[in-house]
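To keep things clear, I will list the structure first and then write my remarks on it.
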Amino acid sequence: MSGFSVSRYAPERSVWSKLTARDSVVRRLDWPLLGSAIALSLIGTALVYSATRGRDALTHGDPYYFLLRHALNTGIGFALMVGTIWLGHRTLRGAVPILYGLSVLLVLAVLTPLGATVNGAHAWIIIGGGFSLQPSEFTKITIILGMAMILAARVDAGDQLHPDHRTVAKALGLALLPMLIVMGMPDLGSVMVMAVIVLGVLLASGASNRWVFGLLGAGAAGAVAVWQLGLLDEYQIARFAAFANPALDPAGVGYNTNQARIAIGSGGLTGTGLFQGTQTTGQFVPEQQTDFVFTVAGEELGFLGAGLILVLLGVVLWRACRIARETTELYGTIVAAGIIAWFAFQSFENIGMTLGIMPVAGLPLPFVSYGGSSMFAVWVAIGLLQSIRVQRPMSA
């Protein structure tokens with residue numbers, strides 16, 4: 001009878017244990033983090049629609065062209081987040097060499113005839129059907145995962161308290177290769193983000209401060225060398241010139257930033273109302289659905305609406321910091337820190353360039369700007385953060 005009972009009820013207990021495990025995962029998700037990311041994507045959907053619904057040259061006469069694609073990109077990104085949580089950051093740790101190799105091959109493919117130039121940057125692969133791929137967005141993730149794998153290996157194994165100099169050198173070499181390729185496109189904005197990611201990762205890893213100060217010095221020297229050797233394209237030089245002198249050529253190189261400030265300034269406290277912005281409906285701000293999407297919020301939602309976006313981004317960074325602090329493994333801490341550095345700098349740069357306090361660098365606003373590659377990458381990053389939280393010990 002006892003054998004009959006086991007064979008009869010064991011499958012039921014197995015199903016129950018699976019249901020319990022799934023419920024535990026759902027309960028342990030960081031819901032403020034997830035809710036803020038979803039809210040940003042929903043706001044971005046409305047802003048992208050407002051910025052593009054009247055631009056027939058871009059939408060081919062279909063006012064819902066960008067709206068539907070942005071919603072599709074968000075849905076795919078959310079599915080990628082779920083898949084990342086299901087796989088787990090620890091499982092992905094073992095797949096890092098493959099993921100890193102694929103990302104390097106993709107950025108190399110941009111330099112072949114497969115690559116395409118958009119807004120001066122030869123950083124895209126055209127897929128067809130109105131869709132394109134920007135491999136540098138995924139390279140940000142593989143740099144984070146690759147450096148975390150190298151820097152945390154011996155520390156998490158208990159062999160070291162902190163990464164030694166040889167380990168740090170290996171991690172930096174891993175990051176340097178794709179950064180040099182992306183610089184050759186040239187995609188200076190993405191390289192800037194990657195450099196900040198590397199700095200954030202090193203700070204979180206506990207590596208010697210000499211590496212941090214050395215990188216800062218090398219970065220400053222490299223920037224001077226790039227400028228002196230004339231390695232920047234003319235459009236990049238023009239952007240820095242317009243940043244240094246906002247009154248420079250307001251109808252030419254300074255047009256974007258001038259129109260962006262006009263749009264944001266016209267919104268006042270509460271904005272002109274969604275879909276009611278004169279700068280937006282008049283199509284005065286170029287690339288408004290991507291790089292300058294924040295101007296739509298400033299004009300149509302006003303200071304309060306734009307401030308809400310800042311608050312939601314702040315919640316994302318706050319919860320990411322908490323996840324980084326509470327994890328018990330260095331690998332998880334480094335991954336979370338790399339994502340924090342990425343989101344924080346890219347958000348500051350994007351919003352800063354619309355306000356005139358940062359040079360135009362062609363970087364999207366996370367979760368808000370239109371763009372499939374960026375949307376996929378940031379949602380995978382959310383999946384990594386959620387995985388770190390879900391897989392931490394219950395006592396943490």
query: For segment 153-186 and segment 300-350, what is the separation of their Cα centres, given in Å?
result: 23 Å
- request: Loop only per DSSP, at most 11 neighbouring Cβ atoms within 10 Å: give me the chymotrypsin sites (Phe, Trp or Tyr not before Pro) in segment 88-184, ordered by residue number.
  value: none
- prompt: Ala123's amide H: which non-local residues (gap 5+, or another chain) put their own amide H closer than 5 Å, with H modeled 1.01 Å from N in plane and none for Pro or chain starts?
  reply: Ala116, Val118
message: Can you sort Lys170, Lys140 by solvent-accessible area, 1.4 Å probe, largest first?
response: Lys170, Lys140
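The values are calculated or read from the model by the stated rules, or taken from the named source; none is laboratory data. Keep in mind that this is a model prediction, so the values were computed, not measured. Positions of Cβ are backbone-derived with ideal geometry, glycine not excepted, and every protein chain shown enters the neighbour counts. Heavy atoms of the whole protein, side chains included, go into the accessibility calculation; ligands, DNA and RNA do not. Shrake-Rupley method; radii C 1.70, N 1.55, O 1.52, S 1.80 Å.
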